[in-house]
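**Student:** The structure follows.
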Amino acid sequence: MKNLILSFAAVMTALGGVRAQEAWTLRQCIDYALENNIQVQKNRVSEEEGDVSLWKTKGAVFPSLSFSTSQTLGYRPFEETTAIVQNGQVTNTSSKTTYQGSYGLNANVTLWNGGINQKNIEAQRLQNQISELTTQNSELSVQEQIAQLYVEILYSKEAKKVNEMLAETAKSQYDRGQEMMNEGQMSKADVAQLEAQWRSAEYDIVNSETQIADFKRQLKSQLQLPMETPFDVTGEIPGDEQILEVLPSSLSIYEHALATRPEIKSAELSIDAADLQLNIAKRGYLPTIGMSASLGDSHYSASEKSTGGQMKTNLNFSMGLSLSIPIFDNRQNKASVEQAKLSKTSSQLDLQDMKNTLSSTIENYWLNANSNQQKFLSARAKSESQEASYELLNEQFQNGLKNIVDLLQGRDNLVSAKQDELQSKYNALLNIQLLKFYGGEDINM
């Protein structure tokens, strides 16, 4: 009982540790997803299936061996004499019930079929390499998706802080407006506008919380975490050095990606696989040579000899060679050759398309990173200017020197400037990290 209690406590402690881990770093998210993402796991299963297929394909070069037996019971109620031919011998019996047993051991082997068996083994090895690259590509794709969602959460969290700051200021303005209305210095309509501004700021906070919750839901889905699992991300607000770092050359990134990205390697191997399939299809015109051997035996109840004596006498062995030469095969080989040629052309086009897509993706990341760096510098300067202006407007409003129209216009300008600053900031951060990721570096925020 003591051991049972200790074991239960250990399990509960472990479960509590899992539930207590609410804040995840980006690295933790990526590592966890690579182990638990369903698509990645399915691709790994496909790799294992490829290993089994290779093992099966190799078996085609070995002989086949099979054993067969037949046990027959016969009954002829109205015949007086029955003649049975067995192994070239005629046996007569007056028994109405007869029993016969036969046994056979058969072996077959393909001596030569144009080398197709060996080529099939090569083709399966290539396919296994493609499966491995497919898994690697899915892992990279998962990392990109997680990074995008992670940045969206960080962006929404910082936007929420800005909205909370504006809501606090709007609440103080509303309180001051009520005081001024009570003193006869402000109309009820103006106070209503201040209240609407405050409520709007609170709505913006709720909207930010909704966005954060939705992005967390999407990230949990990528991690395959259960619905009830508490989840949050941790991450510091990125500094200017991360946002404004010097960008690597898009051409150097592209050249590195061409040499290392799994989707490019997979497309190149697909062309090699298509060449191999074309070679296999052409070998269908060649003859096939096979060899077979069999060992047989039988016994019959009506024989005068004993079962053992019959088995000794009836034991037989045969061996033979076969030659198959294709002459007219209803256009099957020709069609296979033409299909293999078209498959190769399609694989070549797929490779070119992937190169174009890769080039466009990298160029897009570079342009977005560069433009958002420039936007961030302008947006930050504008935001600082609007923030200073709004603070002055608020101070003047508190002292009754500015009207409600100027105050609301100043708030709208500040909100717009803050949004521009945050969007350019996190867009630059994400695109810089993805650009470096295609250059072979880990995503790090």
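**Student:** How big is the dipole moment of the range 131-219 about its Cα centre under a simple scheme where the beta carbon of each Lys and Arg is +1, that of each Asp and Glu is -1, and everything else is neutral? Debye, nearest 20, please.
**Tutor:** The calculated dipole for the range 131-219 is roughly 140 debye.
**Student:** A further question follows. Assigning unit charges at the beta carbon (Lys, Arg +1; Asp, Glu -1) and nothing else, what dipole magnitude in debye, to the nearest 20, does the chain show about its Cα centre? Could the numbers behind the result be given before it?
**Tutor:** Numbers: 40 positive and 54 negative charges, 523 e Å.
Roughly 2520 debye, rounded to the nearest 20.
**Student:** If you don't mind, another one. First select every other residue whose beta carbon is under 14 angstrom from the beta carbon of SER200; then total the charges, Lys and Arg +1, Asp and Glu -1. The partial results should precede the final answer.
**Tutor:** Values: positive: LYS171, ARG199, ARG411; negative: GLU164, GLU168, GLU195, GLU202, ASP204, ASP412.
Value of the local net charge: -3.
**Student:** Here's a follow-up. Just round it to a whole percent: the fraction of Cα-Cα distances in the range 396-445 exceeding 14 Å.
**Tutor:** Here the long-distance tail beyond 14 Å is 66 percent of all Cα pairs in the range 396-445.
**Student:** If you count only protein heavy atoms with a 1.4 Å probe, what accessible area per residue comes out for the range 116-207, rounded to a whole Å²?
**Tutor:** Accessible surface, normalised per residue, equals 48 Å².
**Student:** Ok, one more. Kirkwood Rh over Cα pairs of the range 301-445 into Stokes-Einstein at 25 °C, 0.890 mPa s: D in µm²/s?
**Tutor:** 103 µm²/s
**Student:** Provide the solvent-accessible area of SER301, counting protein heavy atoms only and rolling a 1.4 Å probe, rounded to the nearest 10 Å².
**Tutor:** 70 Å²
**Student:** Just read off the accessible area of PHE317 with the full protein assembly in place, 1.4 Å probe, to the nearest 10 Å².
**Tutor:** We get 140 Å² for PHE317.
**Student:** Do you know the relative contact order of the range 328-445, to the nearest whole percent, from alpha carbon pairs under 8 angstrom that are 6+ apart?
**Tutor:** 33 percent
**Student:** Would you compute the Debye intensity of the range 166-232 from its alpha-carbon atoms alone, equal scatterers and no solvent, and pass along log10 I(q)/I(0) at q = 0.24 Å⁻¹ to two decimals?
**Tutor:** So the normalised log intensities work out to -0.92.
**Student:** Given a 10 angstrom Cα cut-off, can you work out which residue in LYS341, LYS160, LYS188 is the most mobile in a GNM of the chain?
**Tutor:** Looking only at LYS341, LYS160, LYS188, the biggest GNM fluctuation is shown by LYS188.
**Student:** Oh, and also: Using Cα-Cα distances under 8 Å and only pairs 6 or more residues apart, what relative contact order does the chain have, in percent?
**Tutor:** 21 percent
**Student:** Let me ask you something else. Which lysines have a Cα less than 22 Å from the Cα of LYS265, not counting those fewer than 8 places away in the same chain?
**Tutor:** Within the straight-line cut-off, LYS265 pairs with LYS42, LYS119, LYS341, LYS344, LYS355, LYS436.
**Student:** Determine which lysines satisfy two conditions relative to LYS418: a Cα distance under 16 Å, and not lying fewer than 8 residues away in the same chain.
**Tutor:** LYS157, LYS160, LYS161, LYS375, LYS382
**Student:** Rounded to the nearest 20 debye, what is the charge dipole size of the range 217-284 about its Cα centre when +1 sits on each Lys and Arg Cβ and -1 on each Asp and Glu Cβ?
**Tutor:** Charge dipole of the range 217-284: 640 debye, to the nearest 20.
**Student:** Say we join alpha carbon atoms closer than 10 Å with springs in a Gaussian network model of the chain; which of LEU73, LEU276, LEU166 then has the biggest fluctuation?
**Tutor:** Of the options given, LEU73 has the highest mean-square fluctuation.
**Student:** Mean projection of the alpha-carbon convex hull of the range 125-268 over all orientations, in nm²?
**Tutor:** Answer in nm², one decimal: 14.4.
**Student:** Here's something else I'd like to know. For LYS418, LYS312, LYS402, what's the largest-to-smallest order of accessible area, 1.4 Å probe?
**Tutor:** Correct descending sequence by accessible area is LYS312, LYS402, LYS418.
**Student:** Can you pull the Rg over Rh of the chain, Cα-only, Kirkwood?
**Tutor:** Numbers: Rg = 39.7 Å, Rh = 30.5 Å.
Computed over Cα atoms, the ratio is 1.30.
**Student:** Can you give the percent of C-alpha pairs in the range 342-397 whose distance is more than 12 Å?
**Tutor:** Result for the distance tail: 76 percent.
**Student:** Still on this structure, I have one more. Which residue fluctuates most in the GNM of the chain (Cα springs below 10 Å): GLU236, GLU338, GLU391?
**Tutor:** Its mean-square fluctuation being the largest, the pick is GLU236.
The values are calculated or read from the model by the stated rules, or taken from the named source; none is laboratory data. Every value quoted in this text rests on a predicted model; they were computed, and no experiment measured them. Quick reminder, even Gly has a Cβ in these numbers, built from the backbone with ideal geometry, and neighbours come from all protein chains shown. Note: areas computed on protein heavy atoms with side chains; ligands, DNA, RNA excluded. Shrake-Rupley method; radii C 1.70, N 1.55, O 1.52, S 1.80 Å.
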